[in-house]
Amino acid sequence: MTGEFVYEANPMRVRFGAGSLSALADELDHLGLRRVLVLCSPSQQNTAERVAALLGDRCVGTRSDAVMHVPADLAARASAEAVSLGADGCVTVGGGSAIGLGKAIALEHHLPVVAVPTTYAGSEMTPVWGMTRDGHKETGRDTAVLPRSVIYDPDLTMGLPVGLSVTSGINAVAHAVEALYAPDISPIIALMAEDGVRALASALPAIAQDPSDPQGRSDALRGAWLCGATLGATTMSLHHKLCHALGGTLNLPHAPTHTVVLPHVLAFNQSHTPEAVAALSRALPGTADPARRLWDLCRALDAPRSLAELGMQESEIDRIAEEATNRSYGNPRPVTREAVTAILRAAWSGDRPTESEQ
Ligand code: NAD
């Protein structure tokens with residue numbers, strides 16, 4: 001950090017704690033909401049029904065068809081339903097897919113979103129929306145989609161499978177890593193990023209050992225909140241651009257893709273971002289090389305480590321390298337087509353990041 005910064009707080013309210021879902025009606029009161037549409041993914045239907053029961057006649061409908069990357073036709077149907085039901089807001093129950101659907105409705109009709117996140121992806125803390133039309137994912141920023149209120153209840157994450165907990169947790173770490181070297185980092189975001197990584201690095205092994213460990217679940221969700229807040233406050237660099245290209249073009253799974261790519265992009269950037277390396281070394285103790293420390297953590301947690309195992313063909317490396325370099329964006333180290341190809345090649349084969357990437 002040079003000493004100069006701009007910091008703008010996102011206007012939102014967070015309620016955190018085991019059992020805090022029971023305060024959902026209070027949150028709706030706080031926002032003056034009386035007729036909400038509840039949104040979730042198909043596998044979260046039980047939790048959404050619990051939420052609907054908790055809200056009684058304040059819940060005017062439930063949709064359980066949220067999917068990744070928010071298909072535009074689904075967003076249009078959900079928006080039309082919200083209008084026809086006279087909804088005055090949406091409650092999203094689930095991960096980034098459910099929140100993404102709520103954001104799409106908010107974008108069109110400015111209906112407030114109350115988010116109840118059940119993964120560590122972090123979308124609930126950002127004014128970023130995404131929508132997919134004809135195989136192309138469009139994204140944008142609009143304060144209308146920023147959830148007004150977020151309820152983080154670790155009890156709702158107890159059933160998140162270990163594999164998804166780990167990759168979703170590393171997805172959160174990726175936000176903090178790129179925030180730490182973002183051009184618009186500020187001191188408060190740097191603190192949040194470092195503490196978010198610290199919380200997740202200790203929580204994920206605890207969850208892997210005992211998925212219903214209350215302390216582990218609470219620490220992981222707190223870490224996800226902190227990391228998500230850093231995503232909402234800064235501009236992301238090469239790692240997020242690459243994952244966007246891999247997800248959008250090849251439809252690779254979101255959180256596992258972040259997990260595989262992160263150590264390699266960090267290894268590439270480390271030599272150009274000493275302050276981020278210092279912060280990450282404090283958060284991931286025992287090394288001055290956070291990139292390899294992260295890769296080792298992923299291996300210890302049995303997370304996917306290669307793009308090949310996620311379904312990417314080696315022949316697709318060039319196409320993605322081109323896509324990730326055909327527009328310029330900020331990154332602490334200059335991005336060349338050759339460098340991105342090398343990063344993709346290493347991530348594709350699943351090798352531990354090497355000295356040459358640094
Ligand atoms: P997701 O929401 O699709 O959830 C993954 C799967 O886990 C789903 O099947 C879901 O039903 C299930 N699940 C969720 N919580 C569970 C729980 N507690 N127990 C058991 N199963 C559970 O995936 P995600 O990784 O949370 O989100 C990915 C999507 O979010 C992508 O579309 C991505 O682009 C988007 N995203 C957007 C932002 C943003 O700022 N706009 C940030 C991060 C992610």
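The sole residue among Ala75, Ala106 that is more than 10 Å from the ligand (Cβ to nearest atom), touching a residue at least 40 places away in the same chain (Cβ under 8 Å) and not assigned by TED's automatic domain parsing to the domain that holds Leu297 is Ala75. Which one is nearest to Ile189 (Cα to Cα), of the residues in the stretch 147-177 that are over 16 Å from the mean Cα position of the chain (by Cα) and open to solvent by 10 Å² or more (accessible area, probe 1.4 Å)? The residue in question is Arg148. Do you know which of the residues in the stretch 119-161 that are in a strand (DSSP E or B) and charged (D, E, K, R) is nearest to the ligand (Cβ to nearest atom)? For the stretch 119-161, the residue satisfying everything is Lys137. Here is the figure for the stretch 190-224: residues that are open to solvent by 10 Å² or more (accessible area, probe 1.4 Å) and either modelled with pLDDT under 95 or more than 24 Å from Val277 (Cβ to Cβ) (or both) total 10.
Restricting the stretch 230-244 to residues that are of a type in the set (A, V, I, L, M, F, W, C) and buried (at least 23 other Cβ atoms within 10 Å of the Cβ), which is nearest to the chain's Cα centre (by Cα)? In this case the residue turns out to be Leu231.
Residues are listed down the side, and each one gets a yes or a no for (1) at pLDDT below 95; (2) more than 16 Å from the ligand (Cβ to nearest atom); (3) more than 21 Å from Ala208 (Cα to Cα):
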{"site": "Gly247", "(1), (2), (3)": "yes, no, yes"}
{"site": "Thr257", "(1), (2), (3)": "no, no, no"}
{"site": "Ser271", "(1), (2), (3)": "no, yes, yes"}
{"site": "Ala279", "(1), (2), (3)": "no, yes, yes"}
{"site": "Ala288", "(1), (2), (3)": "yes, yes, yes"}
{"site": "Asp296", "(1), (2), (3)": "no, yes, no"}
{"site": "Leu301", "(1), (2), (3)": "no, yes, no"}
{"site": "Gly311", "(1), (2), (3)": "no, yes, yes"}
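Pairs meeting the criteria (first residue in the stretch 128-143 and farther than 15 Å from Met236 by Cα and open to solvent by 60 Å² or more (accessible area, probe 1.4 Å), second residue more than 9 Å from the ligand (Cβ to nearest atom) and of a type in the set (A, V, I, L, M), beta carbons under 8 Å, at least 6 apart or on different chains) are Arg133/Ala72; Glu138/Met131. Return yes or no: is Gly248 open to solvent by 20 Å² or more (accessible area, probe 1.4 Å) and within 16 Å of the chain's Cα centre (by Cα)? Here the answer is yes, as Gly248 does meet what is asked.
Considering the stretch 12-30 alone, what residues qualify as being open to solvent by less than 50 Å² (accessible area, probe 1.4 Å) and either at positive phi or away from the ligand (no atom under 15 Å from the Cβ) (or both)? Across the stretch 12-30, the qualifying residues are Gly17, Gly19, Ala23, Leu24, Ala25, Glu27, Leu28.
All but one of (1) open to solvent by 10 Å² or more (accessible area, probe 1.4 Å); (2) assigned by TED's automatic domain parsing to the domain that holds Gly100; (3) of a type outside the set (S, T, N, Q) hold for Val6; which doesn't? Unmet for Val6, out of (1) open to solvent by 10 Å² or more (accessible area, probe 1.4 Å); (2) assigned by TED's automatic domain parsing to the domain that holds Gly100; (3) of a type outside the set (S, T, N, Q): (2). When Ala87 is tested against (1) aliphatic (A, V, I, L, M); (2) more than 10 Å from the ligand (Cβ to nearest atom); (3) not in a loop (DSSP other than H, G, I, E, B), only condition (3) is not met. Considering only the stretch 31-39, I want to know if a residue exists there that is under 26 Å from Thr167 (Cα atoms), within 15 Å of the ligand (Cβ to nearest atom) and outside any strand (DSSP E or B). No.
The values are calculated or read from the model by the stated rules, or taken from the named source; none is laboratory data. Every value quoted in this text rests on a predicted model; they were computed, and no experiment measured them. Cβ sites come from the backbone with ideal geometry, for glycine too, and all protein chains shown count toward neighbours. Ligands, DNA and RNA are stripped out before the accessible areas are found, and what is left, the full protein with its side chains, is counted by its heavy atoms. Shrake-Rupley method; radii C 1.70, N 1.55, O 1.52, S 1.80 Å.
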